[in-house]
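Notes follow once the structure below has been shown.
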There are 2 protein chains.
Amino acid sequence: MAAPPKKTARKSPKSSVPFLLSQMGAHVSATFGDRIAPLGLKPYHAGVLSVLGSKAGITQQALAGLLGVFPSRLVGLLDDLARLNFIERRASPGNRRSYALHLTKAGHETWARVGEVAAEMQDDLCAALNDKEREVLADLLTRIVAQQQITPGIHPAYRRMGGMCGE
Amino acid sequence: MAAPPKKTARKSPKSSVPFLLSQMGAHVSATFGDRIAPLGLKPYHAGVLSVLGSKAGITQQALAGLLGVFPSRLVGLLDDLARLNFIERRASPGNRRSYALHLTKAGHETWARVGEVAAEMQDDLCAALNDKEREVLADLLTRIVAQQQITPGIHPAYRRMGGMCGE
DNA sequence: TATTGTTATACTCTATAACTATA
DNA sequence: TATAGTTATAGAGTATAACAATA
């Protein structure tokens, strides 16, 4: 529990890494939201598409557990995506209580489009950096994410206070 | 408007810089909120303390303009800070409509404490990086913030849709 | 009785407009 | 008439509990 003696040299608060990260995170999230709005999506929809893209057939309970939100919160969110024909709730074989969640063809295409948006954003965002610096930045951030116990590929905003009790 | 031809090599979406920044930003904001909660503050309170620390005597209108929020939103926020005795609304000399906002002694102390929290967070956050890497990270982020036209020291979350019309 | 998904309720946050008191 | 600050209202988002169907 004792804080390690080693301290980063104190800089102006405006250039502190936490503040810069918080600034950039808010900026990126807002910009991302603006850019996927024409697809009918909000950022949390995109996160669900992302998970379903790699975990086809997952149930709503399992998805809720993975994201760290209450299952009830997922209902409206999946309703939105179903209304847009991006996901399907298929009957689970052998258990009529649960659904197996799948991306539709349109869902896969939209998920790919979201990936393109992210790639465009990366170019805009890193306009001030050269290729080598972009790599360094991605590497440093990836190492921090790993060390901070953040689940790779899952956005921490889902978790905020949510999730079921057992955790 | 034509996008520059130069593109960053396409990586997995989970390691894209925008996604990593959004993840880290949410993580940092949440952690910061947890750590200043014992002071009776939310992150947006801290942002106001920060501005008042360097712009003593500013009016509410001016502060609202600086942060990019509606003046009405500031009212409750400043009420909170006044209730905690961290700020004072002093009479403006020569204009009985407006107040001059000032940090109290307790407000200055709390603002310093918030700075300490940020410094502690920087150490925790950068535990996976050595001193040189921390400097590099701060430098890269600072350059992106500058290039993206984000006002240094002002958190973009205030701006979201807020502000007065003329902008 | 336990579990899956859903609905219902209440609470926070905050954009916006209307208001008051000065100017 | 215009401006500084305030109050009021309404709508979005979401945590939590209660519920219905199935196991």
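The values are calculated or read from the model by the stated rules, or taken from the named source; none is laboratory data. These numbers come from a predicted model, not from an experiment. Because the Cβ atoms are built from the backbone with ideal geometry, glycine has one as well, and the counts that use them run over all protein chains shown.
Does residue A:141 satisfy being crowded, with 17+ Cβ neighbours inside 10 Å and farther than 23 Å from residue A:87 by Cα?
Yes; evaluated as a whole, the condition is true for this residue.
Go through (1) away from every other protein chain (no Cβ under 14 Å); (2) surrounded by 15 or more Cβ atoms within 10 Å (Cβ to Cβ); (3) modelled with pLDDT under 95 one by one and return the number of the condition residue A:13 breaks.
Just one mismatch for residue A:13, condition (1).
Quick check on the stretch A:110-138: of everything there that is in a loop (DSSP other than H, G, I, E, B) and facing another protein chain (nearest Cβ under 9 Å), which residue is surrounded by the most Cβ atoms within 10 Å (Cβ to Cβ)?
Applying the filter and picking the extreme gives A:126.
Considering every residue within the stretch B:97-104, establish whether at least one is within 13 Å of another protein chain (Cβ to nearest Cβ), surrounded by fewer than 16 Cβ atoms within 10 Å (Cβ to Cβ) and either at pLDDT 95 or above or within 16 Å of DNA strand C (Cβ to nearest atom) (or both).
The answer is no; no qualifying residue exists.
Tell me the residue from B:94, B:57, B:107, B:53 that is outside any helix (DSSP H, G or I) and either touching a residue at least 40 places away in the same chain (Cβ under 8 Å) or of a type in the set (A, V, I, L, M) (or both), please.
From the options B:94, B:57, B:107, B:53, the qualifying one is B:57.
Considering each of A:63, A:52, A:74 in turn, give the residue that is within 14 Å of chain B (Cβ to nearest Cβ), within 14 Å of DNA strand C (Cβ to nearest atom) and more than 29 Å from residue B:151 (Cβ to Cβ).
A:52
Inspect all residues belonging to the stretch A:39-46 and state whether any of them is away from DNA strand C (no atom under 16 Å from the Cβ) and closer than 30 Å to residue B:133 by Cα.
no
Can you name every residue in the stretch A:45-84 that is away from DNA strand D (no atom under 11 Å from the Cβ) and among the basic types (Lys, Arg)?
Across the stretch A:45-84, the qualifying residues are A:55, A:83.
Restricting to the stretch A:30-44, and then to whatever is within 13 Å of chain B (Cβ to nearest Cβ) and touching a residue at least 24 places away in the same chain (Cβ under 8 Å), can you tell me which residue is nearest to DNA strand D (Cβ to nearest atom)?
If we take residues in the stretch A:30-44 being within 13 Å of chain B (Cβ to nearest Cβ) and touching a residue at least 24 places away in the same chain (Cβ under 8 Å), then A:44 is nearest to DNA strand D (Cβ to nearest atom).
Residues being surrounded by 17 or more Cβ atoms within 10 Å (Cβ to Cβ) and assigned to a helix (DSSP H, G or I): count how many of those fall in the stretch A:81-91.
Total satisfying the criteria: 1.
Looking at A:47, A:33, which one is surrounded by fewer than 17 Cβ atoms within 10 Å (Cβ to Cβ) and part of a helix (DSSP H, G or I)?
A:33 is the lone residue from the list that is surrounded by fewer than 17 Cβ atoms within 10 Å (Cβ to Cβ) and part of a helix (DSSP H, G or I).
Report, by residue number, each residue of the stretch B:65-103 that is within 20 Å of the chain's Cα centre (by Cα) and not aliphatic (A, V, I, L, M).
B:65, B:68, B:70, B:71, B:72, B:73, B:76, B:79, B:80, B:86, B:102
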